[in-house]
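The values are calculated or read from the model by the stated rules, or taken from the named source; none is laboratory data. Note that the coordinates shown come from a computational prediction; the quantities given were computed from them, not determined experimentally. Cβ placement follows ideal geometry from the backbone for every residue including glycine, while neighbour counts extend to all protein chains displayed.
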Amino acid sequence: MLQFPTAARGRPRPHGRPRPHPLAVAARLVVLALVAVLTLITTREVEQLRWIGLLAVAAIPGILARATRSSGRSAASPK
């Protein structure tokens, strides 16, 4: 069996649930705020912000979902 050097082995996974990158979360919030402001400027109707609320609710799984890492091999590939 071929042994790989220590440097070629994967890093140990951190304990606990992986957190989303703070910059990605900040970017989502900035875009959501921009859409809200532009919607208010364009329509001048506060009621239209319910759609922005729906967008915020739809973004929650993307922020809370677990990040998975792919090893580059599918489960069906032979070892």
Applying the selection to segment 31-79, what residues are closer than 22 Å to Pro20 by Cα, loosely packed, with under 10 Cβ neighbours inside 10 Å and either of a type outside the set (A, V, I, L, M) or at pLDDT 90 or above (or both)? Val57, Ala58, Pro61, Arg66, Thr68, Arg69, Ser70, Ser71, Gly72
Considering only segment 3-26, I want to know if a residue exists there that is part of a loop (DSSP other than H, G, I, E, B) and either of a type in the set (S, T, N, Q) or at pLDDT 85 or above (or both). yes
